[in-house]
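Let me begin by presenting the structure, written as C-alpha cells, before commenting on it.
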C-alpha cells in the first residue's frame with residue numbers, strides 16, 4: 001500500500017513538471033506584444049505646381065519631375081522670362097494646365113498626355129510656335145487664344161469634348177484639325193484667326209455646337225460626315241469663304257445661321273430635314289434657319305427641309321430659294337434680297353406668319369394659290385407681302401380676298417385697298 005502511494009506521488013510530480021515545461025515553450029514561441037499599431041503610409045495630396053518669372057528650362061524639367069513624384073495634378077506656367085521649351089513628356093494625366101504670358105516660350109510638347117484633363121489654357125504666349133497633343137483623348141474645356149506666332153493646332157487622338165474648345169485670335173494660325181473626333185455634345189468655337197485656311201473634322205458625325213467666324217483666308221469649309229447638331233451651327237463673317245459643304249446634315253436642333261460671308265455664292269443643304277422643332281430663344285433670335293447678309297449668295301437649295309420654327313432669308317442676292325418640302329414653320333421671313341427670280345414653297349401647310357419684301361408678282365401669284373389650297377383652310381394667320389411688277393389678271397387679288405374671308409390678316413399694298 002505504501003509503495004502504491006509513493007508511485008502515485010511520483011507520477012503526479014512528473015506530470016506537473018511536464019505541464020510547466022510545455023507552458024514555458026509556448027511562451028517562448030509566441031510573437032512579442034506590440035504596444036502601438038504601425039500607421040500605413042498615406043499618398044501625397046494632389047497639388048498645383050506653379051512656374052513663374054526667371055525659371056529656366058532645366059529648372060522647369062526638374063521641378064516637374066519632382067512634382068509628378070509628389071502627386072502634382074495641376075500645372076501653371078505663367079509670366080516666365082527665361083523659359084524657352086517646356087517638355088512635358090513625363091505627364092500622362094492632369095486635371096488642369098495653364099500656360100499664359102510667357103515671354104520667350106517657343107515650344108510646348110505633351111507627347112504622353114492622354115486623359116482626365118478638365119481645363120487647358122494656352123493664352124498670350126507671343127513667340128509660341130508649336131503645341132501638340134498627340135495622345136489627348138478627352139478634355140472638358142480648352143482655350144487656345146492670343147498666341148501670335150502659333151501656326152498649327154492638331155488633336156489627332158481627341159474623341160470627347162465635355163464642354164468647349166475655343167481657338168480665338170491666334171494671328172498666324174493656318175490650320176487646325178480634329179481628325180478622330182466623331183460624336184460629342186460639346187462645343188467647338190474657332191474665331192478671329194485671320195490667316196486660317198483649313199479646318200479639318202473629316203469624321204465628325206454629331207456635335208453639340210459649332211461656330212466658325214472671322215476668318216480671311218479660308219476658301220472652303222467641309223464637314224463630309226456631319227449629320228446632327230444638337231444646338232447651334234454658325235458660320236459667319238468669313239471674308240474668303242466661297243463654298244460650304246454639309247452633304248449629310250439632317251438635323252440642327254436649335255439654330256442654323258449662315259451670315260455675312262461676302263463671297264459665298266451658293267448654299268446647298270441636300271439632307272437637312274429639321275431645324276428647331278419648338279420655340280427656343282438663343283440670344284436675340286428664336287431657333288430656326290437664318291441665312292442673311294451674304295451679298296452675292298444667289299442660290300439657296302434646301303430640298304428636303306420639312307420643319308423649321310423660323311425661316312429667315314434676308315439681305316442676300318438670293319435669285320433662287322428652293323424649299324419645296326417645307327410643310328411647317330411658325331414664321332417665314334424673306335426680305336431685302338436684291339433679286340428673287342424663283343421661290344418654291346409648294347408644300348407649305350402649317351404656318352403662322354409670312355413676311356416678304358419685293359417678290360415678283362408671278363411668285364406672289366403662286367404663293368397665294370398655295371395658301372388658298374391648303375386643306376383645311378388656314379385661318380388666323382398673318383401675311384404681309386410687298387411685290388414688284390403688275391398683276392396680269394385678278395387671280396392674286398381674288399386669292400388674297402379668300403384668305404381674308406377665312407379670317408386671316410392679309411396686307412399686300414397696291415393689291416388690296
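Cut-off is 10 Å between beta-carbons; in what order do 379, 85 appear when sorted fewest neighbours first? Mind showing how you got there, number by number?
Numbers: 379 10, 85 13.
Ranking 379, 85 by Cβ neighbours within 10 Å, fewest first, gives 379, 85.
Can you tell me the orientation of helix 361-372 relative to the chain, as the angle in degrees between its alpha-carbon axis and the longest Cα principal axis, to the nearest 10?
With rounding to tens, the tilt is 70 degrees.
Arranged by the count of other C-beta atoms within 10 angstrom, fewest first, what order do 302, 205 take? Write down the numbers at each step before the final one.
Values: 302 27, 205 15.
In order of increasing Cβ crowding within 10 Å: 205, 302.
Explain nothing, just the number: relative contact order of segment 136-271, from Cα pairs under 8 Å at least 6 residues apart, as a whole percent. Spell out each step's value before the answer.
Working: 422 pairs, mean separation 22.5, N = 136.
So the answer I get is 17 percent.
Give the angle, between 0 and 90 degrees and rounded to the nearest 10, that separates the Cα long axis of helix 2-29 from the longest principal axis of the Cα atoms of the chain.
Once rounded, one gets 40 degrees.
Angle between the Cα long axis of helix 395-405 and the longest principal axis of the chain, 0 to 90 degrees, nearest 10?
Value to nearest ten degrees: 60.
Mind checking the log10 I(q)/I(0) for the chain at q = 0.06, 0.07 Å⁻¹? Debye, one equal scatterer per Cα, no solvent, two decimals.
Normalising to I(0) and taking log10 leaves -0.42, -0.50.
Rounded, prolate or oblate: which fits segment 111-210 when a ≥ b ≥ c are the square roots of the eigenvalues of the alpha-carbon gyration tensor, with rounded for a/c under 1.5 and prolate only if a/b beats b/c? Show your work: numbers first, answer last.
On the way: a/c = 1.63, a/b = 1.36, b/c = 1.20.
Since a/c reaches 1.5 and a/b is larger than b/c, the shape of segment 111-210 is classed as prolate.
Using Cβ counts within 10 Å as a stand-in for footprinting exposure, how do 353, 110 rank, fewest first?
Details: 353 15, 110 22.
With the sparsest Cβ surroundings first, the list reads 353, 110.
Give me Rg over Rh for segment 357-417, both radii from the alpha carbons and Rh done the Kirkwood way, two decimal places.
Working: Rg = 10.7 Å, Rh = 11.5 Å.
Ratio of gyration radius to Kirkwood radius for segment 357-417: 0.93.
Using Cα pairs under 8 angstrom and six or more residues apart, how large is the relative contact order of segment 357-417, in percent? Numbers along the way, then the final one.
On the way: 74 pairs, mean separation 25.7, N = 61.
Computed over segment 357-417, the figure is 42 percent.
Report, in deg cm²/dmol and to the nearest 500, the calculated mean residue ellipticity at 222 nm for the chain, where each DSSP H run with n ≥ 4 adds -39500 (n - 2.57) and the sum is divided by the residue count. Write down the numbers at each step before the final one.
On the way: 4 runs with 64 residues, N = 417.
My calculation for the chain gives -5000 deg cm²/dmol from helical runs alone.
Every number here is computed from the coordinates shown, using simple stated rules; none is lab data. The shown structure was predicted, so the numbers you read here are calculated from the model rather than taken from an experiment. Virtual Cβ from ideal backbone geometry, glycine too; neighbours counted across all protein chains shown.
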